[in-house]
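S.K.: What follows is a structure written as C-alpha cells; I'll ask about it next.
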2 protein chains.
Amino acid sequence: MANPGLEDQGTIDLAEYIYRRLIQLGVGTIHGVPGDYNLTALDYIKPLGLAWAGNGNELNSGYAADGYGRIKGIAAVITSFGVGELSAINAIGGAFAEKSPVVHIVGTAPLAAQKAQACVHHTLGNGDYRAFPEMNKHVTVAQASLTDAETAPALVDAALKACILHSQPVYIQLPTNLVAAQVRPPTVPIDLSHPGYDEGYENKVLDTLLEKIQSSKKPLILMDGLTARFHINEEINEFVRLTGFPTLSTPFGKGIVNENLPNYYGSYDGAVGDESTKQQVDDADLILNFGPLHSDVNSMGFSSMPRPDVTVTFESHSVKFGPETADPQGRVLVIQSFMTRLIKRLKATELPKIQPFTRGASFSPTLLKSLKPAADGDAIKQDEFWLRMSECLKPGDLILTEAGTCFAGGNTFVLPENTIMMNSCLWLSIGFTLPALQGSAQAQREQRKEGSKEGARSSGRAILFIGDGSLQMSVQAISDIIRNRLDVTIVVINNDGYTVERVLHGFEESYNDIQPWRNTLAPSFFGAPENDPEYPVITAQARNWGELRSVWGRKDVQAGKGLALIEVFMHYADAPKLLVKLAAYVANRNKANEA
Amino acid sequence: MANPGLEDQGTIDLAEYIYRRLIQLGVGTIHGVPGDYNLTALDYIKPLGLAWAGNGNELNSGYAADGYGRIKGIAAVITSFGVGELSAINAIGGAFAEKSPVVHIVGTAPLAAQKAQACVHHTLGNGDYRAFPEMNKHVTVAQASLTDAETAPALVDAALKACILHSQPVYIQLPTNLVAAQVRPPTVPIDLSHPGYDEGYENKVLDTLLEKIQSSKKPLILMDGLTARFHINEEINEFVRLTGFPTLSTPFGKGIVNENLPNYYGSYDGAVGDESTKQQVDDADLILNFGPLHSDVNSMGFSSMPRPDVTVTFESHSVKFGPETADPQGRVLVIQSFMTRLIKRLKATELPKIQPFTRGASFSPTLLKSLKPAADGDAIKQDEFWLRMSECLKPGDLILTEAGTCFAGGNTFVLPENTIMMNSCLWLSIGFTLPALQGSAQAQREQRKEGSKEGARSSGRAILFIGDGSLQMSVQAISDIIRNRLDVTIVVINNDGYTVERVLHGFEESYNDIQPWRNTLAPSFFGAPENDPEYPVITAQARNWGELRSVWGRKDVQAGKGLALIEVFMHYADAPKLLVKLAAYVANRNKANEA
C-alpha cells in the first residue's frame, strides 16, 4: 500500500484512492460487514487512519451510515455484492427518501467472472450480474461501475460529487481484481460546485425574497427537516432571530430552530393540531418554508402543507416562489451562500411591522407547566411522559425518536438549545433509529475530537427513545454500540407490541403482539463490559413515575457516559394524542382508497 | 369475512381467496411482520386456521419462509411495501438462487394513492411506485400486481402456479383497498400442470435413458441439492438402491441419499477431495446427475462438475443427455412421474455388470472409525468435531449447517437415514440458517401433525450448527423460535469471529473480529420461559471434549424438546480442511481476476 502522505507523484491503489477521497469529504468511520469480495478493500482502512465500525449485519450498517451521514454530511458503507448489498438496500432506500448522503461501496466478483457470467457464490445463479446494480438504480442518485484503472478515479469523483450535491446515496462497484489497481493519487479536492451555479441569479432571487419579506404583513417561517441537510444551523437560527417572524416546526424539522427563541411557536400539525394555529397559517401572506418534506406523516395527512401562492420554498440549490418550478435557464443558487447574503442584507434592512401570532393551546412549554405533579405510584402515561422527559434533556444532546409512539411523543418535547433531533417522517422503516444512534453518536464523537463548531455544540450525550417492537428489528446494533464504545442512552418503551399498528388496525389482534423480551439483559448478552470505569453500563426499569424519577435522577444516568438501557413500561393501549389522530387518518385512507 | 367452508357460491374477500389458495397448496403458517399496509390482510389468518409466525424482522421472515418452503414445497411471507419488502429482498434473492418456493405478498398503498403518486410513508418520496416491483423482478419468477377484483384471482393463480412449477419466489402486490374486494371463491384446485408436458416424450426420454444405463460399464450417480425440490425422496432412494450404482453427493445434495446404503460413497469434492474418487468420476462412462447446482462452492471451484459428454442431467421438467439443451419442440416431462416409471421399468430390466468403485480415503465413516479417542481435557478441533457429532445424530433429524466452517464441517457428517440436511451453496448469505431453522422446524411440525409420510420420517428434532459471526446477523430468529415454541437445538461454534473470512484473507485483521457476545444468555434475553415443563430451555457451554460429551449425554439434550443452545468453543485459527482448500481457491480467483 502506498504512503497516505504521497500526494502528487507515483501511483496508489484504487481502494486507497477511494478512501482518500472519502477522508477529504469528512468520513472518519467506515460502516459495513466483511465479506469475501470486500476483504482486501478493508485492508486500507486502519492504515489510513479510518475507523471500522464492523456492524452485526448489513441492514444495520446501512442505517448506521444514514445516521452518520445526517450528522457529518457524508458517510460510507461497504458490503459484499448480492447478499450484502441487498441486505442493506432498505437502509439505502431510506437514505434516498430522506436525503442522507451515503456512499455504498460494493465489493464485487472479479471482472473476468462477471464477464463469463460465472456461477460464483452470492450470484443469482443465472449469470445475471446486472440485477444488483439495476436494483440499486432506484435508490441511488449515481452509480459507478469501476472496470479499469484509467476511468475509475473520475467515476469515483463523479459519484461522490453527486452524493454531496443531492445529499442522497450513491453506489460504487469495486471488483476484487481492481482493489490494488494503480491510479494517480488525488491532487486537488473534488470539485463540488454545482454546474448551474450563478452568482447573479442568487442575488436576483435574494432581491425578490427581500421584497416579499418587506411587503409581508403576516409572514411566518415553517421549518422542515431537510434543512438539516443544508448544514446551515447557525444561519437558520440567526435568520429566525433577526426577523422575529413567528416560526413553527414540522415533526421532521423539530430541533433545527432553537426552541428558546421567543418567536418559536412549536410544532405545526395541520388539521390534527391546534385550530388557531392552523387558522393563522392559513391566513399568512408569506410562508418561508425551509427544506420541506411533504409526506403524509410529516404533513399530518397532507393537512399542514402551506398554501403554494404565499409560500417560498428553500431547497439546497433553489429558493422558489409560489408554484414556481426550476429555473428555465438551469441556474441554481447555493443555500449556504444565499443564507449568508440574506442575513447580511437583513441586518441593513428595516423589517415590516407584523401582526402578532397567538400561541396554540398545545404549545409544549405551556402543557408542561400545566401538568399536575405525578405521584410516585402513578402509572407512566404517554402524553405526560414525553412532556416531562423534556426536563431530562440538556443543551447539545443528540436525541433520536423511533417511528411510532416515540416519534409522535418526541414531537412534544421542549428542547434545550443546540439539541439535534433525528427521526424518520417518510421512509419510516421501524428499527432504523437504533443503528442510526450508533452512526450518529460515532459521527458526533468524531466532530468533538476534530474540534469542529458542530462538535463544540454537542453535549456528548446521545439518547434514543424506541418502542419494544422496533427494538427487535435491529437489536444487534446495541452490540455495535458496545463494540465502538459509544456513549448512549437507550430508553425502551415497553408497551407489549406494536402500539402504532394497534391504533391503526387490529387493536387486540395477536399479530400486533411481539415475543416479550427481557430487554435489560441486552447489554450483558451483547458483551458489554461488566466492570469498566471507562465504559460504565447501566440497566434499569421504571414501571411508575417514582421509579422513573429515581432512575433519571442518578448522576451516572445524567452523565450519559457509557451505555444506559432504561426500560419504561406503559400500557399497550396508550398512545400519544398526535399518533391516534394521525392513525385515524391513515387507516381511513387505506380503506377508502383515497390519494 | 366469509365462511372458509363456502366453496362455490357467493363471493369472498380477495385476501381470503389468496389464503385459501395457499392452504390448498400446503401452506400452514404465514411468515411476516405486521405493517400498516398489510394489517387488514392479516385479519384472515387466524380465522382460516393458519398460523402467524410473527417474525422479529422482515429479512428473518424471508429466510424463515425459504426454510419452510424447502420442507413443504410452498411458503408465504407478508410484508409492507417499500421498507418491509426491501428488508426481505435479500432472502427472496436467496430463495430465487437456490430455488425455494416462496410467495411474497406485499401490502401496498391504496391504488388511488399510487395513481396520484402520493408522497405517503414507505415511498421514496419521488412518486415512483414502480421502483419496488421493478427491483423484485430480478429475484422472482412471476409478479402479480392486483388492481381489480375481476382480474385478481387469475393473476394470483398464475403467480402461485409459477412458484410451484419453478420452485422459485413470486411477488404479489395487494393494495389495501382491494383486501376486501369481492371475488368468486376458488372452486377447483389450481391447475399445476406444465403447459409443455407430453407423456409420449416422457416415455421416449425414458427409453433413451434405459439404453444408456444398460450399455454403461462405469456408471455413477451424482446427487445434488436441487433434487430436494423435486420431492421424490423415496423414488430417489429406491433408484439408488435398485441400480446399486456408486453414488456420490455434492455438499448441497448431502442427506438426500440414505448414507447407510452400501453403494453410497460419500461426498464428491472434485479437486479438493480424494484424488482416487476424482479419477473414478473422470473415468465414468455415465454420470446420472440429479438436481445439479454448479456453483463455485458446491463444485469446489468448478472442479467437481461432471464431464458433459457422459452426463445425464435430471431437472424438475427435463432429463437431458450430454450437452443437450431444452427440447426444441418445447416438450417437457415431470420428474415425479418420470422417476416412478423409471423405477417400474428398472425392476423389469437386467442391469449391467459394473466395475467396482473404490472408496476414497476421506470417506467419513472410515475417518470416524479411525479417530483416536479424545481425552476429556482435549480442546475441540474442527475436523474431529464434525465427524464425532455424527454419533449424536438420529434418524429423522433435520440438520442445518450455516455458511462457513459449519457448512464445510457438516459435509463430513455420517448421516443416519431419513435425515434432512439444509445448507446454502450458492447464495451463501450468512445468517440464513437461524431463521431457516425456525421456518423448517415449523414446517416439519406441521407435517407431523398432518400425518404425512414426510412427517412420519421426522424425528421431531431440528439441529442447527452456526458460527458466532453468522449468529449475530439474524439472532432475533431465536425470539421467533421461542414465540412459536419450536423444538430446536442450536449449536453455536464460538471461534472469535469470521473464521471463513480469515482463511480467505486478513487472518489476523481486526475487521474479521466480532463483538464477543455472551451467547448462552440468548434464550433468557429473548424471553424464553424459565420453568415450563412443556417447553424446557437448556443452555450449556463446552470448552473441551469432556464438557461436550457431558452436555450431549444429557437426556434432555438428546430428546431435543424445547430450546437448547449449546456453545462450543474452538480456536479462531482452526477450520475444516475442506474450507481451507476451498478458500485458497476463492482467494486466488478474487485476486487473479479469473472466471
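The values are calculated or read from the model by the stated rules, or taken from the named source; none is laboratory data. What you see is a predicted model; the values in this text were computed from it and never measured. No Cβ is skipped: glycine too gets one built from the backbone with ideal geometry, and neighbour counts run over all protein chains shown. Heads up: the accessible areas ignore ligands, DNA and RNA and are worked out on the full protein's heavy atoms, side chains in. Shrake-Rupley method; radii C 1.70, N 1.55, O 1.52, S 1.80 Å.
S.K.: Would you compute, from DSSP H runs of 4+ residues alone, the mean residue ellipticity of chain B at 222 nm, taking -39500 (n - 2.57) per run and dividing by the full residue count, rounded to the nearest 500?
M.R.: Working: 23 runs with 220 residues, N = 595.
So the helix-based figure for chain B works out to -10500 deg cm²/dmol.
S.K.: Treating the point 7 Å from Cα along Cα-beta-carbon as the label, what are the nm separations from A:A361 to the other copies, to one decimal?
M.R.: Copy-to-copy label distances at A:A361, shortest first: 8.9 nm.
S.K.: To continue, here is another question. Please give the FRET efficiency for A:A375 paired with A:H571, using the beta carbon to beta carbon distance and R0 = 22 Å, rounded to the nearest 0.05.
M.R.: On the way: r = 17 Å, r/R0 = 0.77.
Efficiency for this residue pair is about 0.85.
S.K.: Right, another one. Can you list the residues, at least 5 places off or on another chain, whose amide H is less than 5 Å from the amide H of A:L400, using H built in the peptide plane?
M.R.: Here A:M422, A:I463, A:L464, A:F465 satisfy the definition.
S.K.: Further question on the same structure: Rank by packing, highest mean first: peptides B:158-170, B:370-382, A:59-71, B:89-101, with packing defined as the count of other Cβ atoms within 10 Å averaged across residues. Please report the intermediate quantities before stating the final value.
M.R.: On the way: B:158-170: 22.6, B:370-382: 12.8, A:59-71: 32.1, B:89-101: 28.8.
Highest mean packing first, the order is A:59-71, B:89-101, B:158-170, B:370-382.
S.K.: Also, quick follow-up: Other chains' Cβ within 10 Å of B:525-538 residues: what's the mean? Each step should come with its number before you reach the end.
M.R.: Working: counts 10, 8, 7, 3, 0, 1, 0, 0, 0, 0, 0, 0, 0, 0.
Per residue, the number of nearby Cβ atoms from other chains is 2 on average.
S.K.: What FRET efficiency would be calculated for the residue pair A:S215, B:R518, taking the C-beta separation as r and a Förster radius of 45 Å, to the nearest 0.05? All intermediate terms of the calculation are to be shown ahead of the outcome.
M.R.: Working: r = 67 Å, r/R0 = 1.48.
Rounded to the nearest 0.05, the efficiency is 0.10.
S.K.: Name the residues of the stretch B:126-152, by number, that are at least 50 Å² less accessible with every protein chain in place than in the isolated chain; the surface is that of heavy atoms, probe 1.4 Å, without ligands or nucleic acids.
M.R.: At a threshold of 50 Å² (probe 1.4 Å), the residues of the stretch B:126-152 that become less exposed are B:M135, B:H138.
S.K.: Work out the mean other chain Cβ neighbour count within 10 Å for the residues of A:164-177 and drop it here as an integer. Provide the component values of the computation, followed by the final result.
M.R.: Details: counts 0, 0, 0, 0, 0, 0, 0, 0, 0, 0, 0, 2, 8, 6.
Whole-number average of other-chain Cβ neighbours for A:164-177 is 1.
S.K.: Between the label point of A:R184 and that of the same position in each other copy, find the distances and list them shortest first in nm, with every label point placed 7 Å from Cα along the Cα-to-C-beta direction.
M.R.: Its label point is 7.1 nm from the equivalent points in the other copies.
S.K.: With a 1.4 Å probe and all protein chains left in place, how much of the accessible area of the protein assembly as shown comes from carbon and sulfur atoms, in whole percent?
M.R.: Values: 20530 of 39990 Å².
About 51 percent, which is the carbon plus sulfur part of the accessible surface.
S.K.: Using +1 at the Cβ of each Lys and Arg and -1 at the Cβ of each Asp and Glu in the stretch A:364-592, identify which of A:F569, A:I430, A:P373 lies farthest towards the dipole's positive end.
M.R.: Checked the options; the winner is A:P373.
S.K.: Mind checking which lysines have their Cα closer than 22 Å to the Cα of B:K99? Skip sequence neighbours fewer than 8 apart in that chain.
M.R.: Filter leaves B:K72, B:K137, B:K161, B:K254, B:K320.
S.K.: Shielding of B:108-120 by partners, i.e. mean partner chain Cβ atoms within 10 Å per residue? Display every interim value, and only then the final one.
M.R.: Numbers: counts 1, 5, 7, 2, 5, 6, 2, 2, 2, 1, 7, 11, 11.
Other-chain Cβ atoms within 10 Å of each residue's Cβ, averaged: 5.
S.K.: Around B:S100, under 11 Å between beta carbons, what's the net of Lys plus Arg minus Asp minus Glu among the other residues? Walk me through the intermediate numbers first.
M.R.: Numbers: positive: B:R70, B:K72, B:K99, B:R229; negative: B:D66, B:E98.
That sum, taken over residues with Cβ under 11 Å, equals +2.
S.K.: Something else: For the stretch A:443-510 and the stretch B:452-489, what is the separation of their C-alpha centers, rounded to whole Å?
M.R.: 29
S.K.: Applying a 10 Å radius around every beta-carbon, put B:517-527, B:403-413 in order of their mean neighbour count, most first.
M.R.: On the way: B:517-527: 20.8, B:403-413: 26.0.
Taking the mean over residues of other Cβ atoms within 10 Å, the ranking is B:403-413, B:517-527.
S.K.: Kindly compute the accessible surface that chains B and A hide from a 1.4 Å probe when together, both sides summed, and give it to the nearest 100 Å². List each step's numbers first, then the result.
M.R.: Values: alone 23860 and 23850 Å², together 39990 Å².
When B and A are taken together, about 7700 Å² of accessible area is lost.
S.K.: Let me ask another. Could you do me a favour and compute the accessible area per residue for chain B, 1.4 Å probe, result in Å²?
M.R.: Numbers: 20010 Å² over 595 residues.
Ligands and nucleic acids excluded, the figure is 34 Å² per residue.
S.K.: Would you mind counting up the charge near B:L261? Only other residues with Cβ under 12 Å from its Cβ, with Lys and Arg at +1 and Asp and Glu at -1. If you can, show how the numbers build up before the last one.
M.R.: On the way: positive: B:R241; negative: B:E238, B:E259, B:E417.
Result for the local shell: -2.
S.K.: Quick check for me: using +1 on Lys/Arg Cβ and -1 on Asp/Glu Cβ, what's the dipole size of the protein assembly as shown about its Cα centre, in debye to the nearest 20? Mind showing how you got there, number by number?
M.R.: Working: 104 positive and 130 negative charges, 120 e Å.
Dipole magnitude for the protein assembly as shown comes out near 580 debye.
S.K.: I need the shape label for the stretch B:12-183. Rule: rounded when a/c is under 1.5, else prolate if a/b > b/c, else oblate, with a, b, c from the alpha carbon gyration tensor. Write down the numbers at each step before the final one.
M.R.: On the way: a/c = 1.44, a/b = 1.20, b/c = 1.20.
Here the stretch B:12-183 falls in the rounded category.
S.K.: Rounded to the nearest 20 Debye, what is the dipole magnitude of the stretch B:199-347 about its Cα centre when Lys and Arg each give +1 and Asp and Glu each give -1 at the C-beta?
M.R.: Working: 15 positive and 20 negative charges, 83 e Å.
In total the dipole reaches around 400 debye.
S.K.: Hey, rough spin-label estimate for A:T366 and A:E508, points 7 angstrom out along Cα→Cβ, what's it come to in nanometres?
M.R.: 3.8
S.K.: Then there's this: Please give me the summed charge of the neighbours of B:P246: other residues whose Cβ is under 10 Å from its Cβ, Lys and Arg +1, Asp and Glu -1.
M.R.: On the way: positive: B:K218, B:R359; negative: none.
So the surrounding residues net to +2.
S.K.: When the convex hull of the C-alpha atoms of the protein assembly as shown is computed, what volume per residue in Å³ does it have? Numbers along the way, then the final one.
M.R.: Details: hull volume 207.6 nm³, N = 1190.
Convex hull volume per residue, Cα atoms: 174 Å³.
S.K.: Tell me, what is the percent relative contact order of chain B, built from C-alpha pairs under 8 Å that lie six or more residues apart? All intermediate terms of the calculation are to be shown ahead of the outcome.
M.R.: Details: 1254 pairs, mean separation 76.7, N = 595.
Relative contact order of chain B: 13 percent.
S.K.: Would you mind telling me the antiparallel percentage of the DSSP bridges in the stretch A:12-183, rounded to 5?
M.R.: Numbers: 2 of 23 bridges.
Of those bridges, close to 10 percent are antiparallel.
S.K.: Need one number for the stretch A:364-592: average projected area of the convex hull over its C-alpha atoms, nm². Spell out each step's value before the answer.
M.R.: On the way: hull surface 51.5 nm².
Mean orientational projected area (the stretch A:364-592, Cα hull): 12.9 nm².
S.K.: Given label points at 7 Å from Cα along Cα→Cβ, what nm distances, shortest first, separate B:N203 from the same residue in every other copy?
M.R.: 9.3
S.K.: Can you give me the P(r) profile for chain B? Cα pairs, bins 10 angstrom wide beginning at 0, each as a whole percent.
M.R.: Calculated P(r), rounded to whole percents: 3, 17, 26, 26, 18, 8, 1, 0.
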